[in-house]
1. Give the lysines whose C-alpha is closer than 28 Å to that of Lys98, dropping any in the same chain fewer than 8 places away, or say none.
2. Whose amide H sits under 5 Å from the amide H of Glu46, counting only residues 5 or more places off or on another chain, with H placed in the peptide plane?
3. Once neighbouring chains are kept in place and the probe is 1.4 Å, which whole percent of the accessible area of the stretch 27-77 is contributed by carbon and sulfur?
4. Rank by packing, highest mean first: peptides 9-17, 107-115, with packing defined as the count of other Cβ atoms within 10 Å averaged across residues.
5. If packing is taken as the average number of other Cβ atoms within 10 Å across a peptide's residues, how do 33-41, 47-55 rank, most packed first?
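The values are calculated or read from the model by the stated rules, or taken from the named source; none is laboratory data. Bear in mind that the values here come from a model prediction, so they are computed numbers and not experimental data. For neighbour counting, all protein chains shown are included, and Cβ atoms are generated from backbone atoms with ideal geometry for every residue, glycine included. Quick note on the areas: whole protein, heavy atoms, side chains included, nothing else; ligands and nucleic acids left out. Shrake-Rupley method; radii C 1.70, N 1.55, O 1.52, S 1.80 Å.
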Amino acid sequence: MSDVTVIGLGEMGSALALGLMRAGRQVTIWNRSAAKAAPLIAKGAELAEGAAAAVAASPITIMCVSDYQAARDILEVSQVEEALKGRTLIQLGNGTPKKARVSAAWAEAHGVDYLDGTILAWPSQIGGPETFRAETPIGDFELHADVSLASTPVNPGEYGFRFTIAGDNG
């Protein structure tokens with residue numbers, strides 16, 4: 001089992017996977033077009049055969065695709081839904097607050113711990129200070145510390161939960 005799965009290997013998803021690997025995390029990856037995985041495989045990432053296998057490989061899945069609809073197209077498949085039960089999904093797609101609430105409701109209905117996040121950096125900045133933050137208004141939320149890229153602690157925020165992936169990319 002790996003520490004974290006990254007689904008979506010565009011420029012940002014690849015940067016997140018690489019940053020996690022540089023921080024010593026075992027990373028499973030999956031992308032709709034497998035060719036994007038080759039550079040990460042060469043650096044030690046494990047390529048899953050499909051989205052369900054990717055989700056099943058780790059307690060935490062970071063979804064970094066273009067928008068909520070692209071995420072739904074991947075996640076709303078029975079094998080993926082089953083694999084996600086009891087795991088944590090961190091959604092980093094773009095969209096409206098309404099779509100974020102719909103995604104959170106879907107996750108709750110399927111027994112998935114859910115965080116909707118924002119990346120506060122360009123891909124080249126991943127691993128630098130204050131580059132990723134996820135928050136949820138659902139109260140205290142326990143997250144596996146293994147997702148962190150650095151020693152930044154996981155701190156409850158005023159609205160429930162906040163964590164940051166940070167580190168020195170210098």
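1. Lys85
2. So Glu46 has HN proximity to Val27, Thr28, Ile29.
3. Roughly 54 percent, rounded to a whole number.
4. Top of the packing list down: 9-17, 107-115.
5. Put in order of decreasing packing, that is 47-55, 33-41.
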